[in-house]
Amino acid sequence: MEYQRERDSVSLVYENGWQFSRDAFPASLSLPLERKVHSGDSVSFFLQGLLPDNPAVLNAWGKRFHVSPRNPFDLIKHVGEDCAGGLQFVQTERLDLILSGKLDKIITSNGFPLLDHAGKISHQQMEDTTSELYLNFEQRRRKAETKQADEQDEADLRALENKINRRK
């Protein structure tokens, strides 16, 4: 993938080894293998579709990586190793590391410390804690959902009452 910032143009180029492989498949149906180079809206829309729909997440990523949250190429450049779909977008300098399958090096190369112990709580304690947290969350969610439904019902009743009063 290439991005020409001055033209705000993204292009995707299939490598020959992949494009003509017996096992090849297109990155998207909108980016068929029959064409080696794809550019423009089809590539931009494809990249945008790999990102979350949540603007808050995109804004947070934009701030974290110092890029525009509206530029799918810049975001994929940073999160493409773990984006939705069956593809990974890997920086050239990290390709050998990713292909090696050496998880320890992958974790530490992302700036996260590697745990050297089994943790401080048992699996059962973790299950109990997360189950309790989820039940509390679910109760709050249901309560908020019920409140919202009640408020909507009241608004509908007021609107109906106003409509009836206007007919009198």
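The values are calculated or read from the model by the stated rules, or taken from the named source; none is laboratory data. Predicted model, so just to flag it, every value in this text is computed and none were measured. A quick note on method: Cβ atoms are made from the backbone with ideal geometry, for glycine too, and the neighbour counts reach across all protein chains shown.
When the residues of segment 38-56 are narrowed to those that are surrounded by 11 or more Cβ atoms within 10 Å (Cβ to Cβ) and touching a strand residue (DSSP E or B) at 6+ places or on another chain (Cβ under 9 Å), which ends up nearest to D82 (Cα to Cα)?
Here the answer is L47.
Looking at (1) within 27 Å of V79 (Cα to Cα); (2) surrounded by 10 or more Cβ atoms within 10 Å (Cβ to Cβ); (3) within 23 Å of the chain's Cα centre (by Cα), can you tell me which one Y134 breaks?
Unmet condition: (1).
Could you grab me the full set of residues in segment 15-37 that are touching a residue at least 12 places away in the same chain (Cβ under 8 Å), within 29 Å of G62 (Cβ to Cβ) and either more than 23 Å from the chain's Cα centre (by Cα) or loosely packed, with under 12 Cβ neighbours inside 10 Å (or both)?
V37, the sole residue that qualifies.
Please go through segment 80-123 and give me each residue that is touching a residue at least 24 places away in the same chain (Cβ under 8 Å) and aliphatic (A, V, I, L, M), ordered by number.
Scanning segment 80-123 gives A84, L87.
Of the residues that sit in segment 1-49 and are part of a loop (DSSP other than H, G, I, E, B) and among the hydrophobic types (A, V, I, L, M, F, W, C), which one is farthest from V79 (Cα to Cα)? Before you say what the answer is, go through the steps one by one.
Going through segment 1-49, the residues part of a loop (DSSP other than H, G, I, E, B) turn out to be 1, 5-8, 14-15, 20-36, 40.
Filter again for among the hydrophobic types (A, V, I, L, M, F, W, C), leaving 1, 20, 24-25, 27, 29, 31, 33.
Values: M1: 14, F20: 28, A24: 24, F25: 22, A27: 17, L29: 22, L31: 21, L33: 24 Å.
Ranking the candidates gives F20 first.
Mind listing whichever residues of segment 83-112 are among the small types (G, A, S) and at pLDDT below 80?
The initial filter retains those residues of segment 83-112 that are among the small types (G, A, S), namely 84-86, 100-101, 109, 111.
Across segment 83-112, the qualifying residues are A84, G85, G86, G101, S109, G111.
With the structure loaded, tell me whether F112 is of a type in the set (F, W, Y) and either assigned by TED's automatic domain parsing to the domain that holds I98 or loosely packed, with under 10 Cβ neighbours inside 10 Å (or both) or whether it fails that test.
Considered against the rule, which asks whether it is of a type in the set (F, W, Y) and either assigned by TED's automatic domain parsing to the domain that holds I98 or loosely packed, with under 10 Cβ neighbours inside 10 Å (or both), F112 comes out as yes.
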